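The values are calculated or read from the model by the stated rules, or taken from the named source; none is laboratory data. Note that the coordinates shown come from a computational prediction; the quantities given were computed from them, not determined experimentally. Cβ placement follows ideal geometry from the backbone for every residue including glycine, while neighbour counts extend to all protein chains displayed. Note: accessible area is taken over every heavy atom of the protein model, side chains too, but ligands, DNA and RNA are not part of it. Shrake-Rupley method; radii C 1.70, N 1.55, O 1.52, S 1.80 Å.
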Amino acid sequence: MGKYDRINIYKRFAVMGGTFDPIHYGHLVTAEAVRDNFKLQKVLFMPTKNPPHKMHRLTTDSYHRYLMTVLATITNPYFEVSRLEIEREGITYTVDTIRELRQIHGEDAEIFFITGADAILEILTWHNVDELLEMCEFVAATRPGFYDNDMNKKLEEIKSKYNKEIHRIEVPSLAISSTDIRNRIKNNKTIRYLLPESVEYYIRKYNLYIE
Ligand code: ATP
Ligand code: MG
C-alpha cells in the first residue's frame, strides 16, 4: 500500500494545525466557522509530531493526541484528521506540510491555513514565511468585538511586506485553551462542556494530564 493511498483528494480545504493536547471546542468551533465561511470541502486537522519540549512541558504522545482528535471530529463529515506530520521524519515546518499537501492534492488546490490570534502574531518568525504566504490563504481566529492593536499592526505589516491579506474570522469560544483544561484536570476541576464528552472519557480512561 502506497503512502498516500488512503488519502482523498480535495481542491478547496483548510488545514488546522495544533498540538491538540487536548483538542477542545475552541478548535472545533473555529474549524467549522472557517469551513462554513469559505465554503470548504474539508478541514484537515493536523496534529503535530512530538516536539522535544513545548514550553518546558512534555507533550502527550502523538498517539493519544491523534486519537482524541479523531474522537472529537467523528460527528462532522467535513472534518478529517491527517497523519502527515506525525509520520514525517525529522523536524516539521508548516511549509513542508503545505508543500506535501500541494503535491498530493494538486497545484490547483486552494489551501487555507487556520490559526488562532496568538499564532498569527508569530507568523513572521516562521520558517519560509514568504513561500507559505504564497502557497495558502491564512485565516486568523479572533474573539468577537475584540480589538487587538498588536494583532492589527502585525496584519498590516504582513500585508505591506508580502502584499498578502490575512483573513480574519470571529469565533465565540476563544477563551478555551488546552493549557486551561490541563490545569483544571490537575486541580480536580470540571472540564465538562469545554471539549467533547468522548475526549473527556478518553482522558479519564488513560489518566491523562493528572500530573
Ligand atoms: P495550549 O494551551 O497548549 O497552547 P491551545 O489551546 O492553544 O493549546 P493548540 O493545539 O496549541 O491549542 O492550538 C492549535 C491552533 O488552534 C492554534 O492555531 C491556536 O492558535 C488555535 N486555537 C487554540 N485555542 C483556540 C480557541 N479557543 N479558539 C480558536 N483557535 C484556537
Ligand atoms: Mg496554543
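In the chain, with Lys and Arg counted as +1 and Asp and Glu as -1 at Cβ, which of these residues, Tyr93, Met135, Ile176, has the Cα nearest the positive end of the dipole, that is, farthest along it?
Of the listed residues, the answer is Ile176.
Show the residues, 5+ positions off or on another chain, whose built amide H is closer than 5 Å to the amide H of Gly116.
Ala141
So, in Å, what gap is there between the alpha-carbon centers of the range 124-142 and the range 177-211?
31
Would you tally the net charge around Ile191, using a Cβ to Cβ cut-off of less than 15 Å, leaving Ile191 out, and scoring K and R as +1, D and E as -1?
Result for the local shell: +3.
Taking a cut-off of 26 Å between Cα atoms, list the lysines near Lys42, but don't count ones fewer than 8 places away on the same chain.
Lys3, Lys11, Lys164
Rounded to the nearest 10 Å², what accessible area does Arg88 have for a 1.4 Å probe in the complete protein model?
About 40 Å², ignoring ligands and nucleic acids.
If you average the sequence gap of Cα pairs under 8 Å that are 6 or more apart and divide by the length of the chain, what percent do you get for the contact order?
It comes to 24 percent, rounded to a whole number.
Treat every Asp and Glu Cβ in the chain as -1 and every Lys and Arg Cβ as +1, leave all other atoms uncharged, and give the resulting dipole magnitude about the Cα centre to the nearest 20 debye.
So the magnitude is around 640 debye.
Given a 10 angstrom Cα cut-off, can you work out which residue in Ile91, Ile158, Ile104 is the most mobile in a GNM of the chain?
Maximum among the listed residues: Ile91.
Could you check the simple spin-label distance between Tyr193 and Asn152, using points 7 Å along Cα→Cβ, in nm with one decimal?
3.3
Percent antiparallel among DSSP beta bridges with both residues in the range 2-90, to the nearest 5?
Of those bridges, close to 10 percent are antiparallel.
On average over all directions, what projected area in square nanometres does the range 12-205 have, based on the convex hull of its Cα atoms?
Hull-based average projected area comes out at 11.3 nm².
Per residue, how many Å² of accessible area does the range 1-51 show with a 1.4 Å probe?
Ligands and nucleic acids excluded, the figure is 44 Å² per residue.
Quick one: order Arg182, Arg99 from most to least accessible surface, probe 1.4 Å.
Descending accessible area places them as Arg99, Arg182.
Taking the inverse of the average 1/r across all pairs of different Cα atoms in the range 92-196, what Kirkwood radius in Å do you get?
Here the Kirkwood hydrodynamic radius works out to 15.7 Å.
Ordering Lys189, Lys49 by accessible area with a probe of 1.4 Å, largest first, what comes out?
Lys189, Lys49
Tell me the per residue accessible area of the range 92-172 using a 1.4 Å probe; a whole number in Å² is fine.
The answer is 53 Å² per residue.
Report the local net charge at Glu110: Lys and Arg +1, Asp and Glu -1, summed over other residues whose C-beta lies under 12 Å from its C-beta.
Charge balance near Glu110 sits at +2.
Rounded to the nearest 5, what % of DSSP beta bridges with both residues in the range 12-205 are antiparallel?
5
Using helices alone, I'd like the mean residue ellipticity at 222 nm for the chain: each DSSP H run of four-plus residues gives -39500 (n - 2.57), total over residue count, nearest 500.
Rounded to the nearest 500, the figure is -11500 deg cm²/dmol.
Would you mind telling me the share, in percent, of accessible area of the range 87-206 contributed by carbon and sulfur at probe 1.4 angstrom?
Looking at the range 87-206 in its full context, I get 46 percent from C and S.
Multiplying the sequence separation of Glu131 and Lys186 by 0.36 nm and subtracting their Cα-Cα distance, what value in nm do you get?
15.7 nm
Sort His64, His24 by heavy-atom solvent-accessible area, probe 1.4 angstrom, most to least.
His64, His24
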